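Scroll down for the structure; my scribbles are underneath it.
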Amino acid sequence: MSEGGMRREDHAEDLPGLSSLRLDGQLAVITGGSRGLGWAMACGLASAGADVLLVSRSKDQLAEKAKQLADRYGTRAWGHGADVSDPEAVAGLKDFCLSQIGSPSIVINNAGINIRGAIDELSFSQFKQVLSTNVDSAWLVTRGFVEEMKRRRYGRIIHIASTLGLVGLAGRTPYTASKGAIVQLTRAMAVEFAPWNVTCNAICPGPFLTEMNREVADHPDIRTNLVGATALGRWGELKEIQGAAIYLASPASSFTTGSMVVVDGGWAAR
Ligand SMILES: NC(=O)c1ccc[n+]([C@@H]2O[C@H](COP(=O)([O-])OP(=O)(O)OC[C@H]3O[C@@H](n4cnc5c(N)ncnc54)[C@H](OP(=O)(O)O)[C@@H]3O)[C@@H](O)[C@H]2O)c1
């Protein structure tokens, strides 16, 4: 399109650049926000101006974490204790958030667990526990908040999948099944929510040395098949998840939906 000889896309005001990554005045709900990758993403979003509601089961540390966010970044922050695999607890989270704080424009479904072992060493209840924590939670929490997003015709839903949603690994049947499900949940939600301008994307992290991995960090299998499987040959650092989270949470990602943003040191590239 041409205006006075200038192509429309040449107007600088239509090219906001870095400012489109700002999140000022937006509210983000981050499950599993008390530590690890969830905490790193909470810090990243708060640094871009977002107010943040941290959610995890152990609510003791959440008030202190919320205070740290508010002190460090000058935004508002809250904590709410809930098991996000439990429908009643998610209903409580929704009520608390909508009645006490407001409607989130950003939801990061990050809460997750891993139970490792060969299939014949695991119980069915362990399998279901991983599926329920990693998959039911993402479905329930999204269902809780998407209605308001649709009404406002704006929203950013971000699931935390894994490279193990894209590649297989021995001794991880529950976890890989759960993360593969998250990949497909992401695609289906992206298509379903698109008419309301609500995007849904996933981040697929590779190995990060969080509490989830600490007890197995020195195991030879981890050194060979996780860290050793990355092209960069190392653990990710927590700060290295922040850029992807800020981008997907922000107006900058308006044409990105149904995507897997892989932050794995080149593991899935091999
Ligand atoms: N670290 C990695 O290498 C890696 C790689 C790929 C993907 N991921 C994914 O990244 C996400 C975060 O993992 P992480 O490494 O940061 O693990 P983490 O340090 O163990 O943190 C997990 C978080 O989830 C919360 N949580 C667990 N179950 C919950 C439940 N039922 N309800 C509410 N909160 C719950 C935990 O708090 P409470 O225990 O207090 O509830 C904690 O805040 C997970 O989805 C994980 O699968 C991690």
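Computed from the Cα positions only, the extents of the stretch 23-261 along the three principal axes stand at 47, 37, 34 Å, in decreasing order.
Using a 10 angstrom Cβ neighbour count of at most 12 plus a DSSP loop assignment to flag exposed GluC sites (Glu not before Pro), which longest range of the chain is free of such sites? The longest uninterrupted stretch comes out as 1-214.
Full extension of the chain segment joining Ala12 with His219 gains 69.2 nm, where the gain is 0.36 nm per residue of separation less the Cα-Cα distance.
Just so you know, the averaged projected area of the alpha carbon convex hull for the stretch 123-181 sits at 4.4 nm². For Lys239, the lysines whose Cα falls under 27 Å of its own Cα, not counting residues fewer than eight places away in the same chain, are Lys59, Lys65, Lys67, Lys179.
The trypsin sites (Lys or Arg not before Pro) found in the stretch 118-170 that occupy coil by DSSP, while having at most 13 further C-beta atoms within 10 Å, are Arg153. Between Arg57 and Ser123, the simple spin-label model (points 7 angstrom out along Cα→Cβ) gives 1.4 nm. Counting every other Cβ atom within 10 Å of each residue's Cβ, Leu169, Leu69, Leu185 order from fewest to most as Leu169, Leu185, Leu69.
The calculated P(r) of the stretch 10-90, using every Cα pair and 5 Å bins from 0, goes 3, 16, 25, 20, 13, 9, 6, 4, 3, 1, 0 in percent. Cross-link partners of Lys94 among aspartates and glutamates, defined as those whose alpha carbon lies under 14 angstrom from its own and excluding same-chain residues fewer than eight positions apart: Asp83, Asp86, Glu147, Glu148. Summarising the amide proton neighbourhood of His159: residues at separation of 5 or more, or on other chains, whose placed amide H is nearer than 5 Å comprise Asn109, Asn201, Ala202, Ile203. I want to verify the translational diffusion coefficient of the stretch 127-267 in µm²/s; compute it with Stokes-Einstein, Rh as the Kirkwood radius over Cα pairs, at 10 °C and 1.306 mPa s. Diffusion coefficient, whole number: 100 µm²/s.
Each principal axis of the Cα cloud of the stretch 57-140 was evaluated for its coordinate range; sorted largest first, these ranges are 50, 25, 21 Å. In the stretch 103-201, the alpha-carbon atoms span a convex hull of 77 Å³ per residue.
Backbone phi angles across the stretch 126-134, fed through the Karplus curve with coefficients 6.51, -1.76 and 1.60 (θ = phi - 60°), yield HN-Hα couplings of 5, 4, 5, 5, 5, 4, 5, 5, 8 Hz in residue order; Gly and Pro are listed as x. Of all beta bridges that DSSP places with both ends in the chain, some 5 percent have antiparallel geometry.
Every number here is computed from the coordinates shown, using simple stated rules; none is lab data. All of these numbers come straight from a predicted model, not from anything done at the bench. Heads up, the Cβs are rebuilt from the backbone with ideal geometry, glycines too, and the neighbour counts pull from every protein chain shown.
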